[in-house]
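Some notes on the structure that comes next.
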């Protein structure tokens, strides 16, 4: 009986509102209710109550049966849509996916639906499309505007068999494709193309600009064309491509999935463009010099060696273009520059690579003081042009590490190599004009041992000094800092200092403890140059494979007269590291030795 009362109550609540509200109704309703209930008891006809219960039960059973019938059908329809558009293939093993996909594409070849068409006309880039039609209102569709776009599919979603959504990506932006069968000539044509398309495919879309009711800008296609299929299962953007080995070996995949990598390439290109523009405006002439040489020269470095079969001779890949540039200045071209690759057969780490890109320029009638001013103007202007300000944030240990602010506001700090090294170490050095003596070499050898500074053989004065500078001076250079006035023994191509014996008019620019620029007043005395080359040859004979060869061709050119000249070189890859917040020089290279 209690259950009958509860059922009656529920019917009353359904008739007059939520529980308790019927008590607040006007008197007619109150009277109607009171005629049926007395306290908790049903006052009406019991047979009427049973009839109502039976009818309600029958209605509930009918509703459950209909629901039971419709649910599998809906599930089957959704599953069919998923299967038809290939989303079920995402669960396959990558090798199985490749096999199935390759077979499907092979079957298309030779048919009217060529999976690799020769050409596809594109009206707007995705970026241009977004800029032009982003003003549309939710629900808008410009049926009178028909455009051709192209891009790569990164996501595909089915909302039934007749409505599919694609995420199309290109140029670092995303655009939604909202494919509805009602916009096609026939449902068969709609199903045919959508069943072929997979994530990773490059497609052409012909359709109308529009926005969904939720306000997402889309292109609503009347036709889609497969332009180039992706045979491999593309990693999902949600998970990304995080394996470093895969990223470096398959740089194209890294670019497809990681837009931040694309931005690094763009910034690198902007750096080179700014460099060229800056030097062009100063009246410099861009040149190209040989990359294979009979004698490697221009820098203290170990060269790569190759062989010319036709001439049956050994050649060296260039380590620097310096000597050729100075010979051009001898020839009367007062301002020259070159952007190009250098090759050094040395160690590989986060900031060193066997091949790298530099910009070098040579300027007649200038000295290293002029070049310091030019460097400050060039770099501060470049950083402001690219980033919008003089300060950049850099994470030397990766995104999760400590952040450092690098301030490129001129003027840059200057540090005297020998003077400030003495102060940093608290040791008095021998006179700078005695640095080529055996006594001085032994002094610095003992000093390195005493301070725990490692220096692999050969332990020459130049190499020992370089290691000490690295451990005591370079580590203090976070913001751009000039280390100036190097000893002559470390700078065989630089001109002697006009007021400090044994030193040269040279500077290196360091940022975040890394060298990015090297420059000096050029040595133009052919007799002195030949003497320094002979000292380098002696060091090479003693085991220093980074020492220079004697270049008689260059010495002969100097004998014809090199005007007072200053030369400058900068590593573009390292500068790109700082402006893209990367801690690995390989990220800046489109392809590299490891790829092959």
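Some values worked out for this structure:
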{"quantity": "Residues satisfying the stated conditions in the stretch 571-584, i.e. outside any helix (DSSP H, G or I), modelled with pLDDT of 95 or more and farther than 18 Å from residue 343 by Cα", "calculated": "580, 581"}
{"quantity": "Residues of the stretch 262-298 classified as assigned to a loop (DSSP other than H, G, I, E, B) and touching a residue at least 40 places away in the same chain (Cβ under 8 Å), total", "calculated": "11"}
{"quantity": "Number of the condition not met by residue 524 [criteria: (1) touching a strand residue (DSSP E or B) at 6+ places or on another chain (Cβ under 8 Å); (2) within 24 Å of residue 544 (Cβ to Cβ)]", "calculated": "(2)"}
{"quantity": "Tally of residues being touching a helix residue (DSSP H, G or I) at 6+ places or on another chain (Cβ under 9 Å), surrounded by fewer than 16 Cβ atoms within 10 Å (Cβ to Cβ) and in a strand (DSSP E or B) across the stretch 356-395", "calculated": "1"}
{"quantity": "Residues within the stretch 315-355 that are out of contact with any strand residue (DSSP E or B) (no Cβ under 6 Å at 6 or more places or on another chain), modelled with pLDDT of 95 or more and in a strand (DSSP E or B), tallied", "calculated": "1"}
{"quantity": "Any chance residue 398 is on the phi > 0 side of the Ramachandran plot, assigned to a loop (DSSP other than H, G, I, E, B) and assigned by TED's automatic domain parsing to the domain that holds residue 516", "calculated": "yes"}
{"quantity": "Checking residue 475 against (1) in contact with a helix residue (DSSP H, G or I) (Cβ under 9 Å, 6 or more places away or on another chain); (2) within 30 Å of residue 392 (Cβ to Cβ), the condition it does not meet", "calculated": "(1)"}
{"quantity": "All positions within the stretch 256-270 that are buried (at least 16 other Cβ atoms within 10 Å of the Cβ) and either touching a strand residue (DSSP E or B) at 6+ places or on another chain (Cβ under 8 Å) or closer than 14 Å to residue 169 by Cβ (or both)", "calculated": "256, 257, 258, 261"}
{"quantity": "Out of 148, 144, sole residue that is in contact with a strand residue (DSSP E or B) (Cβ under 7 Å, 6 or more places away or on another chain), at pLDDT 95 or above and at negative phi", "calculated": "148"}
{"quantity": "Some residue of the stretch 300-308 being at pLDDT below 95, assigned by TED's automatic domain parsing to the domain that holds residue 394, under 26 Å from residue 377 (Cβ atoms) and surrounded by 13 or more Cβ atoms within 10 Å (Cβ to Cβ)", "calculated": "no"}
{"quantity": "Members of the stretch 239-249 found to be outside any helix (DSSP H, G or I) and in contact with a helix residue (DSSP H, G or I) (Cβ under 8 Å, 6 or more places away or on another chain), listed by number", "calculated": "240, 241"}
{"quantity": "Meets criteria (over 12 Å from the mean Cα position of the chain (by Cα) and crowded, with 17+ Cβ neighbours inside 10 Å) for residue 225", "calculated": "yes"}
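The values are calculated or read from the model by the stated rules, or taken from the named source; none is laboratory data. Source: prediction; values computed, not measured. Ideal geometry is used to build each Cβ from the backbone, glycine not excepted, and the neighbour counts take in all protein chains shown.
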